[in-house]
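Read the structure below first, then the notes.
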C-alpha cells in the first residue's frame, strides 16, 4: 500500500473502532517509517487492535498503548472478588492483577457486566471521593480489604429485583455466617445453604421483622425451586427415550407418596406451569 494512503486508512480504522467501542477514543499517530502508535481507552483488547490493523494495513508496524477508566477498574475489582482473586490472603500487586484481568477482555464495560456486577461497580465508584477516582488503588483496596457485601442494602421485599438489595438468602447469610463462611460471604457473596439458614433463623429469638420476612422470602424461593425440580423429575421419569424412563403414572403416584394415577397427572400439569427458581 502506498504510504500516502496509510494515514487516511489507519485513521479511518480508528474512527470505526471508536464507533464500535463507545468511549474508547481510538487514535493513531505516525512515529517513523511504517511505525504507528495506537492509543485508546478500555476496548478493544490489544490482540483485537493488532488484528484489525494487520488485516487492513499489513505493512504497518504497530505500537500500542491501552489505558483503562475507573469504571473498568471498579468492575474488574468486583469480578475478581467474586472469582476469589481478591481477598484477605492477597497482598500487594492489586493494580497489576486488575490490569492482567482487563487485558483479556475485549470490552471491559460489557464483558461479565451482569446487572449486579455493573451496579456494584457503580456503587464502589460512588464511595470514592471525586479527587481519588483516577487512582486505581483507591478502587481496588476497599474490595481487597473488605469485600463486596458492604455495598449491598438489606433485604426489602418491595425492592426484590434491585441489584444492590440483598436476596433473602444473602440477608440471612450476613447475619449467621461466621469464620470461613463469613469471608466467603463478604468477598464472594456466597450464601449458606438454604436449609441451614432456615434452621438458624427458626432458633433465633432476636430476629427482627426484616429477618422474618427474609425467611418467608427464602421459603417461597425454596418452594418454587422444589416444584420446578419435581416437574423436571416427573418429565424425566416419563421420558421414553431417557435411561430409566417410561415410568407409568401409577408408579409415579406411588413415588409421590401414594397418590392416585390421576393425582400424579394433575400434579405434573401444575408443575409444568411453574418456572425454575435459583437460590442465591
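None of the figures in this text is laboratory data; all of them are computed from the coordinates on show. Values in this document were obtained by computation on a predicted structure and should not be read as measured data. Using ideal geometry, Cβ is built from the backbone for each residue, glycine included, and neighbour counts are taken over all protein chains shown.
Cα gyration tensor of the chain, axes a ≥ b ≥ c as square roots of the eigenvalues: rounded (a/c below 1.5), prolate (a/b > b/c) or oblate? Verdict is oblate for the chain. Within the listed set 70, 236, 228, the residue fluctuating most in the Gaussian network model of the chain (springs between alpha-carbon atoms under 10 angstrom) is 236. The angle between the Cα long axis of helix 6-20 and the main principal axis of the chain comes to about 20°, on a 0 to 90 degree scale.
Sort the stretch 6-67 into rounded, prolate or oblate with this rule: let a ≥ b ≥ c be the square roots of the eigenvalues of the Cα gyration tensor; rounded if a/c is under 1.5, and if a/c is not under 1.5, prolate when a/b is larger than b/c, oblate otherwise. The shape class here is prolate. Using a/c under 1.5 as the rounded threshold, could you call the stretch 70-151 rounded, prolate or oblate? The axes a ≥ b ≥ c are square roots of the C-alpha gyration tensor eigenvalues, and prolate needs a/b larger than b/c, oblate otherwise. Since a/c stays below 1.5, the shape of the stretch 70-151 is classed as rounded. Helix 46-56 axis versus longest C-alpha principal axis of the chain: approximately 60°, rounded to the nearest ten. Structure remark: mean-square fluctuation, Gaussian network model of the chain, C-alpha springs under 10 Å; the largest value among 159, 145, 261 belongs to 261. What the Cβ-Cβ distance of residue 95 and residue 8 gives, at R0 = 35 Å and to the nearest 0.05, is a FRET efficiency of 0.40. Extending 7 Å from the Cα toward the beta-carbon at both residue 20 and residue 104 defines two label points whose distance is 2.2 nm.
Label separation (residue 31 vs residue 112): 3.0 nm, computed from points 7 Å beyond Cα along the C-beta direction. In this calculation the C-beta distance from residue 223 to residue 59 is compared with R0 = 51 Å, giving a FRET efficiency of 0.20.
Computed from Cα atoms, the angle from the helix 115-126 axis to the main principal axis of the chain rounds to 60 degrees. Based on C-alpha pairs under 8 angstrom that are at least 6 apart in sequence, the chain has a relative contact order of 12 percent.
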